[in-house]
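Enquirer: Shown below is the structure under consideration.
Every read-out reported here was derived from the displayed coordinates using simple, explicitly stated rules and does not represent laboratory data. Since we're looking at a predicted model, the values are computed, not measured. Please note: Cβ atoms are built from the backbone with ideal geometry, for glycine as well, and neighbour counts cover all protein chains shown.
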Amino acid sequence: MKPTPISKQMDKLDPLLSFKVILMGDSGVGKTSLANRQAYKQFSNQLQPTIGTGIFKVVVPVGNFKVELNIWDTAGQDKFKSVIPMYMRDTIVCVLVAAIDSQLTIEHLDEWKALVEKDYSATVCMVAINKTDLQGTPGAKTIEDLRESLMDKYPSIHFVSAKSNTGVEELFSAVATECLNYQGSTRNNHHKMDLSHDSESSGSSCC
Ligand SMILES: Nc1nc2c(ncn2[C@@H]2O[C@H](COP(=O)(O)OP(=O)(O)OP(=O)(O)O)[C@@H](O)[C@H]2O)c(=O)[nH]1
Ligand SMILES: [Mg+2]
């Protein structure tokens, strides 16, 4: 029997829930590249730095739910940092992004987290260490070392590569699951929603 295409499987899923998610982190770590990879299945070696913010819409199936993520891709350059809190309102999950080949961007994760928590302490901060295709670059820490040094502060860490398309789908699936759990905990008297899979659906689609 032919497998049902993901688009058909997704038609069966309901309801559509929509959440706002923000990508933050130093300039050049690959925030726009991760959003592009998830939304358009594309990667470019020559992206211009983001100015202001861009919004990407993707739909991610999680169990019986079809979750729409509105991904706000912010600009990492210092000159834009002061405006980022203006975009934070109604954000459920913030993905703090750093690059594995730049220890400085990893050290700056705490500053980005502080920026989020200053006014929005309920926002969930997840971490994505991008550019894992560059593992082994001189001076770069290993995934194991990084996980160990960051796990106390950041329980949810994902190691990804927008370039080689490693872990990106899993990252946004985890983000969508976190959003659903948030929704479940606020709506259903702190009972988490049942996210068990009754189909083999996975993947995402962009609107
Ligand atoms: N090797 C490698 N390069 C990547 C990866 N992701 C992004 N890049 C490159 O890193 C550079 C910066 O990527 P962007 O996605 O523009 O970074 P950004 O975080 O959006 O930067 P700002 O918009 O300035 O905040 C680009 O040249 C990308 O091609 C990756 O996974 N691996
Ligand atoms: Mg960008």
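Enquirer: Let me know the charge dipole size of segment 108-157 about its Cα centre in debye, to the nearest 20, where only the beta-carbon of Lys, Arg (+1) and Asp, Glu (-1) is charged.
Expert: In total the dipole reaches around 80 debye.
Enquirer: If R₀ is 30 angstrom, what is the calculated FRET efficiency for the pair Asp152 and Lys118, using the beta carbon separation as r and rounding to 0.05?
Expert: E(calc), rounded to 0.05, equals 0.90.
Enquirer: State to the nearest 20 debye the size of the charge dipole of segment 45-107 about its Cα centre, where the only charges are +1 on K and R beta carbons and -1 on D and E beta carbons. Can you show the working numbers first?
Expert: Values: 5 positive and 6 negative charges, 45 e Å.
Dipole of segment 45-107, to the nearest 20 debye: 220 debye.
Enquirer: Got a sec to turn the phi values of segment 91-103 into Karplus ³J(HN,Hα) couplings, 6.51 cos²θ - 1.76 cosθ + 1.60 with θ = phi - 60°, whole Hz, x for Gly and Pro?
Expert: For segment 91-103, the Karplus-derived couplings read 7, 8, 10, 10, 9, 8, 10, 9, 10, 5, 8, 9, 4 Hz, x marking Gly and Pro.
Enquirer: So how far apart, in nm, are the two label points at Lys79 and Leu104 if each is 7 Å from Cα heading toward Cβ?
Expert: Spacing of the two 7 Å Cα→Cβ label points: 1.7 nm.
Enquirer: Hey, how many Å between the Cα centroid of segment 18-44 and the Cα centroid of segment 134-171?
Expert: Result: 16 Å between the Cα centres.
Enquirer: Beyond 19 Å, what percent of the Cα pairs of segment 4-188 remain?
Expert: Of all Cα-Cα distances in segment 4-188, 57 percent exceed 19 Å.
Enquirer: Something else about it: Given segment 4-188, what percent of its DSSP beta bridges are antiparallel, to the nearest 5?
Expert: The antiparallel fraction comes to roughly 30 percent.
Enquirer: Once you have the Cα-Cα distance between Glu111 and Leu17, take 0.36 nm times their residue separation minus that, and quote the gain in nm to one decimal.
Expert: Details: separation 94, 0.36 × 94 = 33.84 nm, distance 3.06 nm.
30.8 nm is the gain from fully extending Glu111 to Leu17.
Enquirer: Based on the mean of other beta carbon atoms within 10 Å per residue, what is the order of 44-54, 16-26, most packed first? Display every interim value, and only then the final one.
Expert: Values: 44-54: 11.2, 16-26: 21.2.
The densest-packed peptide leads the list: 16-26, 44-54.
Enquirer: About the Cα centre, and with charges only on the beta carbon of Lys, Arg (+1) and Asp, Glu (-1), how big is the dipole of segment 4-188? Nearest 20 debye, please. Could the numbers behind the result be given before it?
Expert: On the way: 19 positive and 21 negative charges, 118 e Å.
It works out to roughly 560 debye.
Enquirer: Would you tally the net charge around Arg89, using a Cβ to Cβ cut-off of less than 15 Å, leaving Arg89 out, and scoring K and R as +1, D and E as -1?
Expert: Overall, the nearby charge balance is -1.
Enquirer: Calculate one ³J(HN,Hα) per residue across segment 114-122 by plugging θ = phi - 60° into the Karplus curve 6.51 cos²θ - 1.76 cosθ + 1.60, and present them in order as whole Hz with x for glycine and proline.
Expert: 4, 4, 5, 6, 4, 10, 10, 5, 7
Enquirer: Of Lys31/Lys81; Lys118/Lys141; Lys20/Lys141; Lys66/Lys153; Lys118/Lys153; Lys81/Lys153, which ones are farther than 26 Å apart at the Cα?
Expert: Working: Lys31/Lys81 15 Å; Lys118/Lys141 29 Å; Lys20/Lys141 32 Å; Lys66/Lys153 30 Å; Lys118/Lys153 16 Å; Lys81/Lys153 22 Å.
Going by Cα-Cα distance, Lys118/Lys141; Lys20/Lys141; Lys66/Lys153 fall outside the 26 Å limit.
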